[in-house]
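The values are calculated or read from the model by the stated rules, or taken from the named source; none is laboratory data. Quantities reported herein were computed from a predicted structural model and do not represent experimental measurements. Here the Cβ is made from the backbone with ideal geometry for all residues, glycine too, and neighbour counts use every protein chain on show. Just so you know, the surface numbers come from the protein's heavy atoms only, side chains and all, with ligands and any DNA or RNA stripped out. Shrake-Rupley method; radii C 1.70, N 1.55, O 1.52, S 1.80 Å.
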Amino acid sequence: MMMEMHIVNRATGATLKAFALGDTAEVIIGRDSDCDVTINAPSISREHCVIEHVDGDYRLRDLDSTGGTRVDGETIDEIRIEDGLEVLVGPALLRFVDCD
């Protein structure tokens, strides 16, 4: 399974950036410049959440962020990533797309 994460502008629906998942065991998302994916916004924690590739599954886990990580309006600790999943991280919408 080849999965991509798209960072989407919530106002316009336009994809701002796309990242292929699967090249590394984990992808850290946050506002710190050392993160694998940097989202420069005050409501994003320095290390906000992480995507982990475990046993053939992708999982997104919140890293005790200040603003939280939300799916369908609910704050989540961890979720299995599936095609079409949309996750709110601060002002950014992360949309996951199966590329197979």
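Taking H as built 1.01 Å from N, whose amide H comes closer than 5 Å to the amide H of residue 21, not counting residues under 5 places away?
Long-range HN contacts for residue 21: 3, 4, 5.
Report the extension gain between residue 6 and residue 43 in nm, rounded to one decimal, defined as 0.36 nm multiplied by the number of residues separating them, less their alpha carbon distance. Could the numbers behind the result be given before it?
Numbers: separation 37, 0.36 × 37 = 13.32 nm, distance 1.90 nm.
Length difference between fully extended and current span is 11.4 nm.
Work through the residues other than residue 23 whose Cβ is under 14 Å from its Cβ and net out their charges, Lys, Arg +1 and Asp, Glu -1. Intermediate results must be reported in sequence, preceding the final value.
On the way: positive: none; negative: 4, 26, 36, 52.
Charge balance near residue 23 sits at -4.
Can you list residues from other chains, or at least 5 along the same chain, whose modelled amide H is less than 5 Å from the amide H of residue 58?
Close amide H contacts, sequence-distant or interchain: 81.
Compute, for region 1-86, the length of the dipole vector about the Cα centre, with Cβ point charges of +1 (Lys, Arg) and -1 (Asp, Glu) only. Units Debye, rounded to 20.
440
Tell me, what is the percent relative contact order of region 13-68, built from C-alpha pairs under 8 Å that lie six or more residues apart?
27
Can you list, largest first and rounded to whole Å, the semi-axes you get for the chain by taking the square root of 5 times each eigenvalue of its Cα gyration tensor?
Values: eigenvalues 68, 47, 36 Å².
Over the Cα atoms of the chain, the ellipsoid semi-axes are 18, 15, 13 Å.
Could you order 96, 19 by accessible surface area, starting with the largest, using a probe radius of 1.4 Å? Spell out each step's value before the answer.
Numbers: 96 0, 19 55 Å².
Listed by decreasing accessible area, they come as 19, 96.
What does the charge add up to near residue 70, with Lys and Arg as +1, Asp and Glu as -1, over the other residues with Cβ less than 14 Å from its Cβ? Show your work: numbers first, answer last.
Working: positive: 10, 61, 95; negative: 62, 72, 74, 77, 78, 86.
The answer is -3.
Go through 87-93, 28-34 and give me the packing order, highest mean Cβ count within 10 Å leading. Numbers along the way, then the final one.
Values: 87-93: 20.0, 28-34: 17.0.
Answer by packing, highest mean first, reads 87-93, 28-34.
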